[in-house]
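Here's the structure we're looking at; comments come further down.
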Amino acid sequence: MKTAIIGTGYVGLTTGVALAYLGHEVTCLDLDAAKVENLKKGISPIYEPHLSELMKLASAKLKFTLDADEALRNAEVVFIAVGTPSLPDGNPNLTYLKSAAESIGERINAPYVVIVNKSTVPIGSGNWVESLVRDSYRAKNPAKNSNFVVASNPEFLREGSALSDMLYADRVVVGADDQRALDVLRKLYQPLIEQTFEAPAFLPRPEGFRAVHFLTSDLQSAELIKYAANAFLALKISFINEISELSEKVGADIQHVSRGIGLDSRIGNRFLQAGIGWGGSCFGKDTAALISTGKEYGLSMPITKAARDVNARQRARMVEILMGELKILKGRKIGILGLSFKPFTDDLRDSPALDIAQRLLERGAKVVGFDPISMDRAKREWTHIPVEFAASADAVFSEADAVLLVTDWPDFKNLPFEKCAEQMKHKLILDGRGQLEPGRLQAAGIRHIALGRSTR
Ligand code: UGA
């Protein structure tokens, strides 16, 4: 199927690459000339495992362009995957969505076009996009009747595992108020739904995985599913973090508690990893937008608000615990292991590491960070704060008064802690992800404090 994707950010690019791999003719449109030039050469603008490899396999069916005419001419399906960053009031900025809709209206010419909102947009945006497309189509073609439908197809990809989340999804959700549009999208996703594509060698199909649920709904329900899913995941994390603070007080171990409740199949064990809490571009933005939508309808959304409060508290708590241990932070050297908001990505948006580094710097500490992937990006983007960067994870320990583990990169589990301890001024590690083996640190003579575990 001839498919256009507007916006080659995280969502647009992964969707485009995956659909081209499934056999569709995909043209990805972006405004950023340097980005498009690189994409044409097969260079991905984001760090995402296997994306460049899949791009190469899909290259015969995948084009990148700056030219809206080229992308939209004869397209049967058009995905809008532009950014919707938060405005200061919590509402998303819809400027890019508006100009994408107008550009589509001016150019679509296939007999029937399905326009798919893939960006996370406020509930009701489908209707708004439809009216924008219709107005710009009419302005361009006064004598013709347009034949298009707007659908919503939220994405559930996690950064760092976006491609396997897409190819081996739990579900594909599609909302539209027209059966024909739902049928077109079913056909588009057929190889994925029925798992008839050949799995790439580097992304093997999970054993026993045979089909993907295809869920259809009206437009508004699909739009709400996206917000409700992210808010639920966010509150699941905040819930375990609330229990984790109580766990410290009563002398319990949150790892046991989390496992104990997660084995109940009604609860499930995923997204119950206690620690510093969530960061990234999605949970914070989407919970803020959900609260703001609730407000429009006179609803206060207390559970979503509480999830946000608990999340903010976890970051503050790391610094409070450290102050409790070191008493004075002025002049201390604090190491930070992990800068990205989660492992396997270089994304620094709403990264807990930045927040914690800022709090420490404000209190007069010297901060030295390390991250295996996102450090170059941090050097470029964090010029507003005087964080220093270490050449290796081990180097973070040199002369340190304490080291905080902030991002759960697996490599941090296996550092040579004996050697690291020798270099430290105070042998103290604060484990914000509950990732380190207490016995190993104890053997190295390091005092180990983990969120959610009482120190005995
Ligand atoms: C999230 C959702 O998981 C995706 O389904 C959704 O498509 C995406 O947002 C989006 O809306 O675009 P993402 O933000 O990439 O994906 O990453 P997650 O794996 O959800 O992690 C978010 C944060 O929660 C990270 O900082 C992670 O460290 C933290 N987390 C996650 C925990 O603290 N505990 C957990 O048990 C799981």
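Nothing in this text is a laboratory measurement; each read-out follows from the coordinates by a stated rule. In this text the structure is predicted, and so the values were computed from the model without any measurement. In this analysis, Cβ positions are derived from the backbone assuming ideal geometry, glycine residues included, and neighbour counts consider all displayed protein chains.
Brief remarks on what is shown
- Note on Leu66 and Ala391: their simple-model spin labels are 4.0 nm apart, each label 7 Å out from Cα toward Cβ.
- If you take all other residues with their beta carbon under 15 Å from the beta carbon of Glu399, and give Lys and Arg +1 and Asp and Glu -1, the sum is +2.
- Measuring between their Cα centroids, segment 274-325 and segment 6-34 lie 32 Å from each other.
- A simple charge model with +1 on the Cβ of Lys and Arg, -1 on the Cβ of Asp and Glu and nothing else charged puts the dipole of the chain at about 600 debye relative to its Cα centre.
- DSSP bridge pairs, segment 1-132: antiparallel proportion in percent, nearest 5: 5
- Ordering of 97-105, 262-270, 357-365 by packing is 97-105, 357-365, 262-270, highest average first (other Cβ atoms within 10 Å, averaged per residue).
- Cα gyration tensor shape of the chain, rounded if a/c is under 1.5, else prolate or oblate by comparing a/b with b/c: prolate
- Our estimate of slack between Tyr297 and Asp218, defined as 0.36 nm per intervening residue step minus the Cα-Cα distance, is 26.4 nm.
- Given charges at Cβ of Lys, Arg, Asp, Glu: the chain dipole, positive-most of Val36, Thr15, Leu233: Leu233
- Magnitude of the charge dipole, segment 2-217, Cβ model with Lys/Arg +1 and Asp/Glu -1, debye to 20: 420
- Three-way shape call for segment 86-176 based on the alpha-carbon gyration tensor, with the a/c threshold at 1.5: oblate
- Geometric extent, Cα atoms of segment 224-363 - Rg, Dmax (angstrom): 16.4, 50
- Sorted on the mean count of surrounding Cβ atoms within 10 Å across their residues, most packed first, peptides 386-399, 431-444, 115-128 read 115-128, 431-444, 386-399.
- Over 31 Å between alpha carbons, listed pairs Lys63/Lys305; Lys56/Lys140; Lys342/Lys425; Lys342/Lys419: Lys63/Lys305; Lys56/Lys140
- Separation of segment 436-456 from segment 142-192 is 47 Å, based on Cα centroids.
- Bridging of Lys226 to lysines at a Cα separation below 16 Å is possible for Lys118, Lys236, Lys285, once same-chain residues fewer than 8 apart are set aside.
- Here is what passes the span test in the chain: the DSSP H helices with alpha carbon length of 27 Å or more along the helix axis and a Kyte-Doolittle mean of 0.0 or above are 219-250.
- Global geometry of segment 283-450, whether rounded, prolate or oblate, following the gyration tensor of its Cα atoms and the 1.5 cut on a/c: prolate
- Residue among Ser136, Met323, Ser265 farthest towards the positive dipole end of the chain, charges placed on Cβ: Met323
- Take every Cα pair under 8 Å whose residues are at least 6 apart in sequence, average their separation, divide by the length of the chain, and the relative contact order is 12 percent.
- Here the spin labels are modelled as points 7 Å beyond Cα on the Cα-Cβ line, and at Ser131 and Ala211 they lie 4.0 nm apart.
- Mean ellipticity per residue at 222 nm, deg cm²/dmol - from DSSP H runs of n ≥ 4 across the chain, formula -39500 (n - 2.57): -13000 deg cm²/dmol
- Listed peptides 80-93, 3-16 by packing density, highest first (mean Cβ within 10 Å): 3-16, 80-93
- Taking a sphere under 12 Å around the Cβ of Lys366 and counting the other residues whose Cβ falls inside, with K and R at +1 and D and E at -1, yields a net charge of +2.
- Most simply put, the chain has about 5% antiparallel DSSP beta bridges, counting only bridges with both residues inside it.
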